[in-house]
1. Total Lys pairs in the chain closer than 22 Å by alpha-carbon, pairs eight or more apart in sequence or interchain only?
2. Could you report region 193-329's accessible area per residue, 1.4 Å probe, as an integer in Å²?
3. So with the 1.4 Å probe, I'd like the accessible area per residue for region 16-71, rounded to whole Å².
4. Grab every C-alpha pair in the chain, bin the distances at 10 angstrom width from 0 up to the longest one, and report whole percents.
5. If I ignore ligands, DNA and RNA and count only protein heavy atoms, how much of residue 316 is accessible to a 1.4 Å probe, in Å² to the nearest 10?
6. Loop only per DSSP, at most 16 neighbouring Cβ atoms within 10 Å: give me the chymotrypsin sites (Phe, Trp or Tyr not before Pro) in region 253-304, ordered by residue number.
7. One-quarter of the Cα convex hull surface for region 175-332, in nm²?
8. Counting only protein heavy atoms and using a 1.4 Å probe, what share of the accessible area of region 162-209 belongs to carbon plus sulfur, as a whole percent?
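The values are calculated or read from the model by the stated rules, or taken from the named source; none is laboratory data. On a predicted model such as this, the values are computed, not experimentally measured, just so you know. Please note: Cβ atoms are built from the backbone with ideal geometry, for glycine as well, and neighbour counts cover all protein chains shown. What goes into the accessible areas is simple: the full protein's heavy atoms, side chains included, and nothing from ligands, DNA or RNA. Shrake-Rupley method; radii C 1.70, N 1.55, O 1.52, S 1.80 Å.
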Amino acid sequence: MERVLVTGGAGFIGANFCRFLIDHTDASLTVLDKMTYAAAPEALAPLPAGRISVVVGDIADPDLVGRLVGDHDTVVNFAAESHNDTALSDAGSFVATNLVGTYVLVEAATRAGCRLHHVSTDEVYGDLALDEQQRFTESSPYRPSSPYAATKAGADHLVRAWVRSRGLRATISHCSNNLGPWQHVEKFLPRQITNLLDGRRPRLYGDGRHVRDWIHVEDHSSAVWTILDRGRIGETYVIGADGEHSNRDLVGVLLAAFDRPPDDVDFVADRPGHDLRYALDATKLRTELGWIPQRTDLARELSALIDWYRDHESWWRPAKAATEAAYAARGQ
Ligand code: NAD
Ligand code: DAU
């Protein structure tokens with residue numbers, strides 16, 4: 001695994017994954033990223049220039065992708081439109097990148113005989129009730145409930161069909177909600193933390209009882225690396241670190257860190273079709289491949305995340321006002 005093409009490598013998880021590969025392997029990396037509003041090229045700047053190069057371009061561009069894939073041993077696809085709230089009103093770019101872009105990648109990787117790892121999401125499995133014991137596994141049925149999740153589900157079907165019928169050498173992973181540095185301020189934790197840094201209230205959708213299964217982005221990176229290193233071609237792996245918390249509980253932890261009262265929060269318009277609960281069972285990844293998450297002390301990680309956003313205001317500040325204006329227009 002010497003030459004790795006990381007698509008979407010300037011985004012939140014992709015950039016953290018590049019740092020992980022630089023720190024833990026001797027691979028040389030090429031990032032292919034369209035540099036949408038969600039990109040954080042600043043996250044790549046400290047990485048050694050001799051180990052990483054950046055190409056600005058679209059994964060849905062067959063000529064560019066064909067050339068780049070042919071020059072690499074492995075492709076890891078993080079490129080996506082990733083925000084549920086945006087997809088509810090404007091899903092065109094989600095179809096273009098998540099579906100058509102993935103089609104272009106599987107075609108190119110098949111022709112070049114290149115290994116592909118496709119990064120999917122737990123959201124393809126729909127949601128769970130708050131009171132059920134069940135968690136998602138690799139054999140859970142597909143039941144996407146949002147436009148974003150539907151495009152991610154379609155992309156997974158493309159990858160699996162190309163594996164079975166076209167000989168593509170690919171693996172797929174389904175991860176839960178990530179926390180860590182360089183996440184755009186539109187997402188839940190960065191939005192609440194930067195609101196609190198600005199002296200504003202956190203904003204909870206609906207009644208705030210919705211549950212997400214949190215994992216540190218570094219643990220997501222180590223899981224993807226483990227799958228590249230030891231995963232079986234054609235297999236699917238669920239990635240989760242047993243981090244279920246309600247949105248209301250997480251906001252409570254953040255409020256306490258800012259010495260604010262637990263009810264100092266605004267309940268705002270709910271997300272249409274809002275998935276109630278995600279919960280993942282990563283037994284297969286843990287037992288078959290020996291993966292163990294390391295950064296599972298959520299209180300400590302949230303405290304570190306607050307410090308990180310406090311220290312990186314110059315990065316997130318330019319996006320904050322426009323992001324909040326878009327939320328305000330939706331009553332959120
Ligand atoms: P992000 O929105 O932060 O980053 C996406 C990156 O992809 C950006 O740098 C963007 O510029 C790039 N991109 C978008 N369209 C592109 C295109 N057509 N061609 C090339 N690059 C393009 O997303 P993220 O949170 O880092 O998510 C990365 C992947 O992980 C996505 O596939 C997402 O579905 C999946 N995922 C995310 C989470 C999470 O909690 N954030 C959890 C599970 C899975
Ligand atoms: O589960 C994996 C998914 O996690 C990824 O596939 C997505 O790309 C990623 O964005 C994330 O999706 P969510 O919709 O779960 O994340 P988001 O940060 O948008 O919201 C997390 C929860 O917080 C969700 O229940 C909605 C809620 N929320 C969000 C915002 C922005 C609020 O209550 N208030 C808010 O202001």
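1. Lysine pairs, 8 or more places apart or on different chains, close enough: 6.
2. Spelled out: the 1.4 Å probe surface of region 193-329, per residue, equals 44 Å².
3. On the way: 2650 Å² over 56 residues.
Per-residue value: 47 Å².
4. Result, from short to long distances: 6, 27, 37, 23, 7, 1 percent.
5. 10 Å²
6. 258
7. Numbers: hull surface 40.1 nm².
Projected area, direction-averaged: 10.0 nm².
8. Numbers: 670 of 1620 Å².
Ligands and nucleic acids excluded, carbon and sulfur give 41 percent.
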